[in-house]
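Heads up, the thing below is written out as structure tokens.
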Amino acid sequence: TCLGRVLCKVPCSGEKEVDLAVQSAKAAFKIWSQMSGMERCRVMLEAARIIREQREEIATMETINNGKSIFEARVDIDISWQCLEYYAGLAGSLAGEHIQLPGGSFGYTRREPLGVCVGIGAWNYPFQIACWKSGPALACGNAMVFKPSPFTPISVVRLAEIFTEAGVPKGLFNVVQGGAATGQFLCQHPDVAKISFTGSVPTGMKIMEMAAKGIKPVTLELGGKSPLIIFSDADLENAVKGALMANFLTQGEVCCNGTRVFVERKILDTFTKEVVKRTQKIKIGDPLLEDTRMGALINQPHLNRVQGFIKQAKEQGAEVLCGGDLYVPDDPKLKNGYYMRPCVLGNCKDDMTCVKEEIFGPVMAILPFDTEEEVVERANATKFGLAGGVFTRDIQKAHRVVAALKAGMCFINNYNASPVELPFGGYKFSGFGRENGRAAIEYYSQLKTVCVEMGDVESVF
């Protein structure tokens with residue numbers, strides 16, 4: 001991505017390899033699922049410790065893998081070990097409940113693992129997504145076969161090695177490589193109990209369809225076109241920082257980005273000027289340099305696609321206030337990299353393609369609004385529902401607006417913070433099921449109810 005040349009070649013896993021991975025995970029599951037939560041906790045804490053210790057090395061690998069700045073990659077790695085640490089802490093406390101019934105009889109519930117779970121990752125946060133999926137899966141006693149995106153195959157292999165070093169049974173976390181065909185073999189494998197997918201809506205639909213054939217539960221974390229609402233009483237400096245965080249992290253390749261920035265008309269000009277000024281200062285270039293804040297996009301077809309959205313936006317009457325053009329770094333080594341300047345679009349309307357569809361690149365659309373009621377209605381007028389944000393000093397208005405937003409992850413006076421303690425996931429076309437927080441435990445375990453009679457059986461016969 002940064003250099004525009006081949007880093008390594010990875011063989012695709014076919015049906016045979018997928019079956020081997022699942023069988024090996026199945027064997028490891030037998031051992032892992034019989035261990036106590038506390039025993040699993042210790043192994044997971046060890047994995048977290050190794051990641052923390054090798055933070056720099058793994059972050060560098062991730063930057064080469066994806067093209068994001070080393071500054072951001074370090075944050076991803078920190079979130080990754082925190083995720084494993086968090087679920088290690090929960091592993092020892094997973095429990096059912098005891099229910100008293102009449103006459104000394106009672107019932108109890110058991111929280112049991114599902115078996116071999118499949119994780120299918122996206123290319124924007126390769127290592128972090130693998131930890132978000134494997135953390136709760138392993139804490140609950142499951143095994144996992146993980147398929148990273150074919151565009152970012154490298155760092156997840158390191159995670160598999162780390163789990164082995166930490167002491168998980170051999171094959172508990174297996175990695176298979178490949179594209180759609182490999183994904184299909186995984187989804188249709190009879191010994192797979194569950195699928196967790198992060199990626200696009202069309203692929204999500206296909207996965208849900210394949211999983212339906214085997215009545216397999218799915219967690220889908222799909223796209224978004226999230227609204228960020230800036231009221232005139234917001235702290236302007238903070239709102240501008242929020243808008244940049246909501247649009248330009250990982251070159252804008254983030255599913256929960258707040259790409260529809262609704263700004264109250266009173267402050268539209270001031271806000272826009274400041275955002276444009278800050279956007280033009282973003283340092284683009286070699287992602288391994290400390291002061292780089294924006295690296296390269298994932299690949300040539302994706303860069304072309306993002307450029308196509310900007311061209312179409314202009315044709316539909318939007319105004320490019322800054323950026324949007326290709327960027328050629330001074331360093332001759334980087335001249336074939338997939339770089340572009342972050343773009344801010346003004347004069348946008350709700351019915352423009354650039355406002356309705358997910359661009360998945362560094363493109364912000366600014367839209368004016370007049371009233372709270374109007375902006376909430378416009379913010380919700382989308383098939384997506386992943387995230388939403390509000391900037392205001394009026395605390396009642398903030399809570400009122402997020403309560404009205406049809407989105408799974410809402411932010412008040414911040415954006416794109418992802419603490420592992422909080423559940424993450426979408427409404428509507430953005431998917432269902434939750435990653436992170438205690439909520440994820442629900443999606444990686446099943447409940448068994450046991451009813452115990454202490455007297456004679458009451459028979460109707």
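The one condition from (1) under 30 Å from residue 268 (Cβ atoms); (2) modelled with pLDDT of 95 or more that residue 418 does not meet is (2).
Restricted to the range 142-168, and to residues there that are among the small types (Gly, Ala, Ser) and either in a helix (DSSP H, G or I) or touching a helix residue (DSSP H, G or I) at 6+ places or on another chain (Cβ under 6 Å) (or both), the residue that is most open to solvent (accessible area, probe 1.4 Å) is 167. Out of all the residues in the range 77-84, is one or more surrounded by 15 or more Cβ atoms within 10 Å (Cβ to Cβ), among the hydroxyl-bearing types (Ser, Thr, Tyr), assigned to a helix (DSSP H, G or I) and touching a Cys at 6+ places or on another chain (Cβ under 8 Å)? Scanning the range 77-84, I find at least one residue that is surrounded by 15 or more Cβ atoms within 10 Å (Cβ to Cβ), among the hydroxyl-bearing types (Ser, Thr, Tyr), assigned to a helix (DSSP H, G or I) and touching a Cys at 6+ places or on another chain (Cβ under 8 Å), so the answer is yes. Consider the range 209-235 and keep the residues that are free of Cβ contacts under 8 Å to residues at least 60 places away in the same chain and not assigned by the TED database to the domain that holds residue 252. The one that is most open to solvent (accessible area, probe 1.4 Å) is 213. Inclusion of residue 206 among residues that are outside any loop (DSSP other than H, G, I, E, B) and surrounded by fewer than 23 Cβ atoms within 10 Å (Cβ to Cβ) is warranted.
Each residue in the range 188-203 was checked for being open to solvent by 30 Å² or more (accessible area, probe 1.4 Å) and either part of a strand (DSSP E or B) or touching a residue at least 40 places away in the same chain (Cβ under 8 Å) (or both), and 1 of them qualify. Condition check for residue 94 on (1) open to solvent by less than 40 Å² (accessible area, probe 1.4 Å); (2) in contact with a Ser or Thr (Cβ under 8 Å, 6 or more places away or on another chain); (3) part of a loop (DSSP other than H, G, I, E, B): one failure, at (1). Among the residues of the range 257-304, those that are free of Cβ contacts under 8 Å to residues at least 12 places away in the same chain and more than 24 Å from residue 223 (Cα to Cα) comprise 269, 273, 277, 281, 283, 291.
The residue that is farthest from residue 62 (Cα to Cα), counting only those in the range 5-32 that are open to solvent by 30 Å² or more (accessible area, probe 1.4 Å) and among the small types (Gly, Ala, Ser), is 27. In the set 272, 279, only one residue is open to solvent by less than 10 Å² (accessible area, probe 1.4 Å), of a type in the set (S, T, N, Q) and closer than 25 Å to residue 392 by Cα; that residue is 279. Checking 390, 401 one by one, the residue that is within 30 Å of residue 128 (Cβ to Cβ), open to solvent by less than 10 Å² (accessible area, probe 1.4 Å) and either under 21 Å from the mean Cα position of the chain (by Cα) or not assigned by the TED database to the domain that holds residue 312 (or both) is 390 and no other.
The values are calculated or read from the model by the stated rules, or taken from the named source; none is laboratory data. All of these numbers come straight from a predicted model, not from anything done at the bench. Glycine gets a Cβ as well: all are built from the backbone with ideal geometry, and neighbour counts include every protein chain shown. Ligands, DNA and RNA are stripped out before the accessible areas are found, and what is left, the full protein with its side chains, is counted by its heavy atoms. Shrake-Rupley method; radii C 1.70, N 1.55, O 1.52, S 1.80 Å.
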